[in-house]
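The values are calculated or read from the model by the stated rules, or taken from the named source; none is laboratory data. Not measured: the values here are computed from a predicted model. Reconstructed Cβ throughout: ideal geometry from the backbone, glycine too, with neighbour counts over all protein chains shown. What goes into the accessible areas is simple: the full protein's heavy atoms, side chains included, and nothing from ligands, DNA or RNA. Shrake-Rupley method; radii C 1.70, N 1.55, O 1.52, S 1.80 Å.
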Amino acid sequence: MLLVAGVVWAMAGEFSSSLPRAELWRMVREGVAGYTAVKGQEAGELIQASGETWRQLRNGPLFTGGAIVLGGTLALLALFYLLRGQVKLEKPRTGIKILRWNLGERMLHWFVAVLFIILTVTGLTLLYGKAVLLPWLGKAQFAYWAQLAKWLHNISGPLFIAGLVPMILIWFKDNLWRPGIDWAWFKALGGLVGRAHPPAERMNAGEKGWFWLLMTVGALLSITGLLLDLPLFGLERESMQMIHLIHGVSAFLVIAGALGHIYIGTIGTEGALEGMIHGEVDLSWARQHHDLWLEALEKEGRFSLAKSDTRIERPESFFKPEK
Amino acid sequence: MARMKFLCDDERCIECNACVTACKNENEVPWGVNRRRVVTINDGQAGEKSISVACMHCTDPPCAAVCPVDCFYITEDGLVLHDKDICIGCGYCFYACPFGAPQFPQDGAFGVRGKMDKCTFCAGGPEEDNSEEEFKKYGRNRLAEGKLPLCAEMCSTKALLAGDGDIIADIFRDRVVRRADRDEKPATATAPWGWGKAYGDKSS
Ligand code: HEM
Ligand code: SF4
Ligand code: SF4
């Protein structure tokens, strides 16, 4: 390595002595700054070559890659729905309601979810609007929407972060990885395929995966978004280009995750959405999807199994019948 | 139709910044924005070189390629102009441009960007030629008056040339051919890179 660097260095030296002008313009191409009387960041830089790289990456791989990831996720979900259909409740509803999400949790969830959707729609407008919306809206109409979209995206970002932080706090414990239970859940594909019913706690392994995706990649998305949002930190163009690309890539990862999450939470699973809306789920649902959580609740005496007319396949001893 | 171009001859530019000032004055450019700037490489050292730079009206403009609202348009003279009514101030053109041409007046709190501003080759914008509105948004439309950009017109050493690319190239080629005796001053050779190789100059 050092040797190669040395040779290159020597060559460069030779180059510079024999062709001073070539050397000068090579420096300019590499973005070496000169002096300028004009005030402004990077004003002394005659040529910044990374701009063209950024353009190629954004208009190329990010644009097409993003479309493939989104289109592919949607296609897979549609296919899955056609093949598997909705995961139905296997036992009739008991009428016994179990509190799954309290009011605070539900409000936080929907706050973040609504902002997420706004951010997705407005963010995608900036990347794909020119190709998709502009042709049928016309330039003036589209610019009107794009201006609004940019503004919405810019202000929703910090609000989204304000929702993400308490979310990590209140759901952190429920999402800690429990190797025994969670790997088994994954091996059984969460009961989505086939009829197996892998045990799960309050959050199953799939939900935990989504939580951690949001808390890691989503955090990256938030930090890069914040840096793009406030062109205040004196970051140079090259950093902004990099930050923008990281923002774009993480956006697609998180959107793909969200599509899966939304699918499973709505049409994918009977009875899941009502929990996040009303806060309560039916006992049958809880037993089918989150049996270990139910057992724990039982132990705490939070509900009575005796009132239920369904029986469980798991050993009776797990449950303490009401006196 | 002619393809308009700028060319700055670094053998002639004396870094007087008259082009910068002329541009600001002629176009009444927004506060904090300089559409043109002069950069000196190796300032203060022997062989320093100055170049006046603004939008180069690229043939395949990166700014237009990344603009999310497609607000750029290319005139029949090959100029890359933009429509401020459509611009959303996202700054993408500024990230993409190799020459740092697009600039933004600060508009409101948190450094929010206003509408992008850049060199128009003194050709205004989409509004009616020489209308009040065009002047307010883009500055003077000298091309519509049959004149060339003021920066180049008033350059005292005629380092900065603007106009039909073919004519400009001819002027520059002519200069290069007539330039000082390059055989005698190889170290400060004024000939373009590769000249020595091509024309048998042993020393460069
Ligand atoms: C669900 C979360 C988010 C998604 C899906 C998302 C998606 C996107 C997309 C697709 C773009 C456009 C990229 C392009 O045009 O090339 C973008 C740009 C941007 N995003 Fe996000 N983003 C999210 C969250 C955030 C957050 C949390 C912030 C700020 C705190 C933020 C701030 C920005 C900014 C400032 C831009 C540049 C747009 C401009 O300056 O006009 N984003 N985002
Ligand atoms: S703004 Fe920059 S990228 Fe666009 S045409 Fe001018 S020099 Fe080229
Ligand atoms: S700042 Fe304006 S001109 Fe530049 S890319 Fe954004 S919308 Fe287009």
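What FRET efficiency comes out for the pair residue A:93/residue A:193, r = Cβ-Cβ distance, R0 = 30 Å, nearest 0.05?
Efficiency, rounded to the nearest 0.05: 0.80.
Tell me, what is the FRET efficiency for residue B:73 and residue A:30 to the nearest 0.05, using R0 = 35 angstrom and their Cβ-Cβ distance as r?
0.60
In the range B:4-165, if the dipole is taken from +1 on Lys/Arg beta carbons and -1 on Asp/Glu beta carbons about the Cα centre, which of B:19, B:47, B:152 is farthest to the positive end?
Projecting each Cα onto the dipole axis, the largest value belongs to B:47.
Mind giving me the nanometre distance, one decimal, between the label points for residue B:59 and residue A:162, set 7 Å out from Cα along Cα→Cβ?
Output for this residue pair reads 5.2 nm.
So for B:176, A:114, what's the accessible-area order with a 1.4 Å probe, most first?
The ordering from most to least exposed comes out as A:114, B:176.
So if I place +1 on the C-beta of Lys and Arg and -1 on the C-beta of Asp and Glu, and nothing else carries charge, what would the dipole magnitude of the range B:4-165 be about its Cα centre? I want it in debye, nearest 20.
Computed charge dipole of the range B:4-165: roughly 460 debye.
Give the average, rounded to an integer, of partner chain Cβ atoms located within 10 angstrom of each Cβ in A:55-67.
Mean number of neighbouring Cβ atoms from other chains: 2.
Where does the range B:1-104 land on the Kirkwood hydrodynamic radius, alpha-carbon pairs, in angstrom?
Working: mean 1/r = 0.0658 Å⁻¹.
So the Kirkwood estimate lands at 15.2 Å.
Short version: ³J(HN,Hα) in whole Hz for each residue of the range B:144-153, in order, from phi by Karplus 6.51 cos²θ - 1.76 cosθ + 1.60 (θ = phi - 60°), x for Gly and Pro, what are they?
5, 8, x, 10, 9, x, 5, 3, 6, 4
Could you give the semi-axes, largest first, of the ellipsoid that matches the range A:128-178, computed as the square roots of 5 times the alpha carbon gyration tensor eigenvalues and rounded to whole Å? Can you show the working numbers first?
Working: eigenvalues 285, 36, 5 Å².
Here the semi-axes work out to 38, 13, 5 Å.
Can you give the mean number of other chain Cβ atoms that lie within 10 Å of the Cβ atoms in peptide A:140-147?
For peptide A:140-147, the averaged partner shielding equals 5.
Using a Förster distance of 35 angstrom, determine the FRET efficiency expected from the C-beta separation of residue A:39 and residue B:179, and round it to 0.05.
With a Förster radius of 35 Å, E is 0.55.
Between residue A:278 and residue A:212, what length comes free when the chain is fully extended (0.36 nm per residue of separation minus the Cα-Cα distance, one decimal in nm)?
This chain segment gains 21.3 nm when fully extended.
Please compute the length gained on full extension between residue B:31 and residue B:156, using 0.36 nm multiplied by the number of residues separating them and subtracting their Cα-Cα distance.
42.4 nm
Net charge within 12 Å of residue A:106 by Cβ-Cβ distance, Lys/Arg positive one each and Asp/Glu negative one each, not counting residue A:106 itself?
Numbers: positive: A:100; negative: A:105, A:274, A:280.
Here the charged neighbours net out to -2.
Which entries of A:130/B:5; A:130/B:137; B:49/B:137 show an alpha-carbon separation above 27 angstrom in the structure shown?
Violating the 27 Å limit, Cα to Cα: A:130/B:5; B:49/B:137.
If you filter the range A:138-232 for trypsin sites (Lys or Arg not before Pro), then keep DSSP loop positions with at most 10 other Cβ within 10 Å, what is left?
A:195
By accessible area of protein heavy atoms, probe 1.4 Å, what ranking do A:239, A:250, B:156 get, highest first?
The ordering from most to least exposed comes out as B:156, A:239, A:250.
Calculate the spin-label point distance for residue A:242 paired with residue B:164, positioning each point 7 Å from the Cα along the beta-carbon direction, and give it in nanometres.
Each label point is offset 7 Å from its Cα along the Cβ direction, giving 4.8 nm.
Which one, B:135, B:116, B:95, projects farthest toward the positive side of the charge dipole computed for the range B:79-156 from Cβ point charges (K/R +1, D/E -1)?
Of B:135, B:116, B:95, it is B:95.
So what are the ³J(HN,Hα) numbers for the range A:161-168, from phi and the Karplus equation (6.51, -1.76, 1.60; θ = phi - 60°), rounded to whole Hz, Gly and Pro as x?
After applying 6.51 cos²θ - 1.76 cosθ + 1.60, I find 4, 4, x, 5, 5, x, 4, 5 Hz.
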